1. What is the residue count in segment 57-73 for residues that are surrounded by 10 or more Cβ atoms within 10 Å (Cβ to Cβ) and among the aliphatic types (A, V, I, L, M)?
2. Looking at (1) surrounded by fewer than 16 Cβ atoms within 10 Å (Cβ to Cβ); (2) in contact (Cβ under 8 Å) with a residue 60 or more places away in the chain; (3) in contact with a Gly (Cβ under 8 Å, 6 or more places away or on another chain), which one does R124 not meet, given that it meets all the others?
3. So which residues in segment 26-41 are surrounded by 14 or more Cβ atoms within 10 Å (Cβ to Cβ) and either under 16 Å from the mean Cα position of the chain (by Cα) or among the small types (G, A, S) (or both)?
4. Do you know which residues across segment 78-117 are free of Cβ contacts under 8 Å to residues at least 24 places away in the same chain, surrounded by fewer than 16 Cβ atoms within 10 Å (Cβ to Cβ) and more than 25 Å from M44 (Cβ to Cβ)?
5. Considering only segment 68-119, state which residues are among the hydroxyl-bearing types (S, T, Y), part of a strand (DSSP E or B) and modelled with pLDDT of 95 or more.
Amino acid sequence: MVVPATRNPNERTLVQYMILIYSDPAEMQQQSESEQRQMVGEYMAYSESLRQAGVYQSGEGLEPPSTATTVRVRDGKQLISDGPFAETREVLGGFYLIECESLDDALTHAAACPGARHGSVEVRPVMQIPART
């Protein structure tokens, strides 16, 4: 259940959403240097559009899966392995954290993400954990 965060009764209700960007690293490696620069420019423009819309909270690209380290704990023992845990064609390449009034608003912003054209973009609400008193 998504519980909207409310700052005070006079402000609008906002929900934080993660935009998770997945792509196929093999396809990305096949891009020319010019295509890569163009893609970076598209992401810079997209980031700016989120800022201009007032929904941008955070966003980062991730290093390739080959730089990942996976940590698991089984029977109290820490198991560390290089690389991603799961073999999959599309991998998490970056994310944005946005704050919107509705899922529909978040989906509209996600559809404008350059990653939606060459991979997939998952939109997920951030879990709101009530403060302890």
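1. Number satisfying all stated conditions: 2.
2. (3)
3. none
4. The answer is Q78, L79, I80, S81, D82, G83, F85, A86, E87, T88, D104.
5. If we filter segment 68-119 for residues that are among the hydroxyl-bearing types (S, T, Y), which is where we start, we get 69-70, 81, 88, 96, 102, 108.
Narrowing the set further to residues that are part of a strand (DSSP E or B) leaves 69-70, 81, 96.
Of everything in segment 68-119, just one residue is among the hydroxyl-bearing types (S, T, Y), part of a strand (DSSP E or B) and modelled with pLDDT of 95 or more, namely Y96.
The values are calculated or read from the model by the stated rules, or taken from the named source; none is laboratory data. If you're wondering where the values come from, they're calculated on a predicted model, not measured in any experiment. No Cβ is skipped: glycine too gets one built from the backbone with ideal geometry, and neighbour counts run over all protein chains shown.
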